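Student: Next up is a structure, given as structure tokens.
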Amino acid sequence: VRSRLSRGVPVTTLSWATPEQQKRMLEREIGRLVSGGLPLHRILILSPFRRENGGLKDVDRIGDWPVIDLGTKGHGIRYATIRSFKGLESDIVFLIDVRDSKACTAADIYVGASCAKYMLYVLHHEAWRGAGAFHGNRKGL
């Protein structure tokens, strides 16, 4: 994925080794945004996997904030699969669970990345072969 935009916030990429490490990264980054005044409804977590099959299975909260499935009423951080959110947009997108997998194709990554209006975070497994695809990025912990 290569951006042709000359302005704006660069894509932030973070590499993780374990699902727990990915969750800690989400807590840290979302915490920074929320403490800076960003409302939760502007944040979306996108994954190629349903929550019960991805890195956030059995996770109901990220930090102090509930994680709610797209279409669920309530106040929290929205969660959706890339395919269920195709064609839609969110201000801030956290594209998580990115790794080499049949469920995580280059087309899925493109679709997920294109859902971000203002800021995109890509949280990928450290062995993901597509890790160099984002320019102007910030790497791992």
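The values are calculated or read from the model by the stated rules, or taken from the named source; none is laboratory data. All of these numbers come straight from a predicted model, not from anything done at the bench. For neighbour counting, all protein chains shown are included, and Cβ atoms are generated from backbone atoms with ideal geometry for every residue, glycine included. Accessible surface is based on the protein model in full, side chains and every heavy atom, while ligands, DNA and RNA are left aside. Shrake-Rupley method; radii C 1.70, N 1.55, O 1.52, S 1.80 Å.
Student: Amide H of D91: which non-local residues (sequence gap of 5 or more, or other chain) have their own amide H closer than 5 Å, using H built in the peptide plane?
Tutor: K117
Student: Give me the 1.4 Å probe accessible area per residue for the chain, excluding ligands and nucleic acids, in Å².
Tutor: Counting only protein heavy atoms, the per-residue value for the chain is 55 Å².
Student: Which of the trypsin sites (Lys or Arg not before Pro) found in the stretch 93-122 are loop residues per DSSP with 15 or fewer other Cβ atoms within 10 Å of their Cβ? Present the calculation step by step, with values, prior to reporting the outcome.
Tutor: Working: sites: R99, K102, K117; in loops: R99, K102.
Qualifying residues, ordered by number: K102.
Student: Return the calculated 222 nm mean residue ellipticity for the chain, to the nearest 500 deg cm²/dmol, obtained by summing -39500 (n - 2.57) across DSSP H runs with n ≥ 4 and dividing by the residue count.
Tutor: Mean residue ellipticity, 222 nm, calculated: -5500 deg cm²/dmol.
Student: Run the paramagnetic zone check for S101: 7 angstrom along Cα to Cβ, then residues of the stretch 42-64 with backbone nitrogen under 19 Å.
Tutor: 44-62
Student: If you don't mind, there's one more thing I want to ask. Aspartates and glutamates near K73 by alpha-carbon distance under 20 Å, same-chain residues fewer than 8 away left out - which ones?
Tutor: Partners found: E52, D58, D60, D64, E89, D91.
Student: Normalised by the number of residues in the stretch 7-141, what is the relative contact order in percent for Cα pairs under 8 Å and 6+ residues apart?
Tutor: Answer for the stretch 7-141 is 37 percent.
Student: Starting from one equal scatterer on each C-alpha and no solvent at all, send me the Debye-based log10 I(q)/I(0) for the stretch 1-118 at q = 0.13, 0.18, 0.20 Å⁻¹, two decimals.
Tutor: Summing over Cα pairs of the stretch 1-118 leads to -0.47, -0.96, -1.22.
Student: Report, in whole Å, the centroid distance computed from the Cα atoms of the stretch 19-41 and the stretch 95-113.
Tutor: Cα centroid of the stretch 19-41 versus Cα centroid of the stretch 95-113: 21 Å apart.
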